[in-house]
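What follows is a single structure, written as structure tokens, with notes after it.
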Amino acid sequence: MIEAKSIGADWGFTVMPEAGVSAEATSARFCANCGTALQGKFCGACGAPAVAPVPEQAPEGWGSLTSEFLSSHGSNGIFAVALSFLRHPVDTIIRLTDDPTYRSQWGFLTATVGAQMTLAYVLLPRIYAALFNVPSAANNSAVVTNEIVQYVGMVILTPIQFYVCRALGTLPRSPMSYVKLCALSVSYGALLSTLVSLGFFVTGVTALKSGITLDLSTLWNGLSALTLVAVLVFVTMSHKRFWGMSWPIAIGVTLAIAVVSWRVVYPGLFALVERGGIAGAISGLTGG
């Protein structure tokens, strides 16, 4: 018979006890943490208890998905976090980044970016086409293309930003905490862009339906500029607090990141997607 230590210790799972041997006796034979033979209630090598408590598992049914959106996690549900960002963006991002129990940054990022892209490229064009009886300009492939570019851009930029900020900041921060900060920063930008797109759409449709003369191009350019300024201010303030930077350094770092991101990395990635035929492939798969 193979000993429990050779399986449990090497591969990290619990072996079912033999018939007639209690689970408590089996778990007391070797430490579940390091595999050392036990001689009491605690391991003499690592100090772990002989019988580790079984962790309570989170529900994984449909109810857990609903609870994620309906804020059953207190202040950390998706809707609650979104509202908190709109009220106190800088305080919210610092609170969530420094909270070790908050692990939903990727879900929040996916929800906000997905909502922004779907609204801009699919839902609003279809609603506009239905209201004014014109061909729809919806583009399903643009949603996937933009999300791919967004995530790849984060993979490229985040390590560079981390080492620059660590060199110029005064507070020690780990790479993973900065990744969390960046994910939440992009989420806030997507959330803000979603609200701006909705506001522009409602204003434009109302003007067209009412016969009001309105330069929609100028309105959109103005709203885009205001959104850009808001995002730059947000990133500057969050970097200042997160890294303990002075205002001049925080402003300089933010502007440098913006230039590299919006003038180099993202345009280059979009060009690569178009040149490589990825956009066409995605369009064929999505029917966009």
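The values are calculated or read from the model by the stated rules, or taken from the named source; none is laboratory data. Keep in mind that what you see is a predicted model, and the values were worked out from it rather than measured. Ideal geometry is used to build each Cβ from the backbone, glycine not excepted, and the neighbour counts take in all protein chains shown. Heads up: the accessible areas ignore ligands, DNA and RNA and are worked out on the full protein's heavy atoms, side chains in. Shrake-Rupley method; radii C 1.70, N 1.55, O 1.52, S 1.80 Å.
Condition check ((1) more than 22 Å from the chain's Cα centre (by Cα); (2) at pLDDT 95 or above; (3) exposed (fewer than 12 other Cβ atoms within 10 Å of the Cβ)) across all residues:
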{"site": "Val229", "(1), (2), (3)": "no, yes, yes"}
{"site": "Leu232", "(1), (2), (3)": "no, yes, no"}
{"site": "Val235", "(1), (2), (3)": "no, yes, no"}
{"site": "Arg241", "(1), (2), (3)": "no, yes, no"}
{"site": "Ala256", "(1), (2), (3)": "yes, yes, no"}
{"site": "Leu269", "(1), (2), (3)": "no, no, no"}
{"site": "Leu272", "(1), (2), (3)": "yes, no, no"}
Requested in this report: Scan the range 142-160 residue by residue and report those that are under 15 Å from the mean Cα position of the chain (by Cα), open to solvent by 50 Å² or more (accessible area, probe 1.4 Å), over 24 Å from Phe79 (Cβ atoms) and without any contact (Cβ under 8 Å) to a residue 40 or more places away in the chain.
Outcome: Val155
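Criterion first (part of a helix (DSSP H, G or I) and crowded, with 19+ Cβ neighbours inside 10 Å) does Leu208 satisfy it?
no
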Requested in this report: May I ask you to list pairs of residues, at least six apart or on different chains, whose Cβ atoms are under 8 Å apart, with the first in the range 205-224 being basic (Lys, Arg) and the second being loosely packed, with under 12 Cβ neighbours inside 10 Å and assigned to a helix (DSSP H, G or I)?
Outcome: Lys209/Leu131
Query raised in the report: Is the range 193-205 home to any residue that is within 25 Å of Val155 (Cβ to Cβ) and part of a helix (DSSP H, G or I)?
Result: yes
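Step by step: first the residues of the range 122-141, then only those that are among the small types (Gly, Ala, Ser), closer than 30 Å to Ser210 by Cβ and in a helix (DSSP H, G or I), then the one that is least open to solvent (accessible area, probe 1.4 Å). Which residue is that?
Step by step, filter the range 122-141, then rank; the result is Ala129.
Out of the helices (runs of 4 or more DSSP H) lying entirely within the range 36-107, which hold 2 or more residues that are modelled with pLDDT under 90 and open to solvent by 80 Å² or more (accessible area, probe 1.4 Å)?
62-69
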Report summary line: Taking the range 171-188 and keeping residues more than 24 Å from Ser246 (Cβ to Cβ) and open to solvent by less than 30 Å² (accessible area, probe 1.4 Å) leaves Ala183, Ser187
Report summary line: Apart from one, (1) without any contact (Cβ under 8 Å) to a residue 60 or more places away in the chain; (2) open to solvent by 20 Å² or more (accessible area, probe 1.4 Å); (3) more than 20 Å from Pro100 (Cα to Cα) all hold for Leu168; the odd one out is (1)
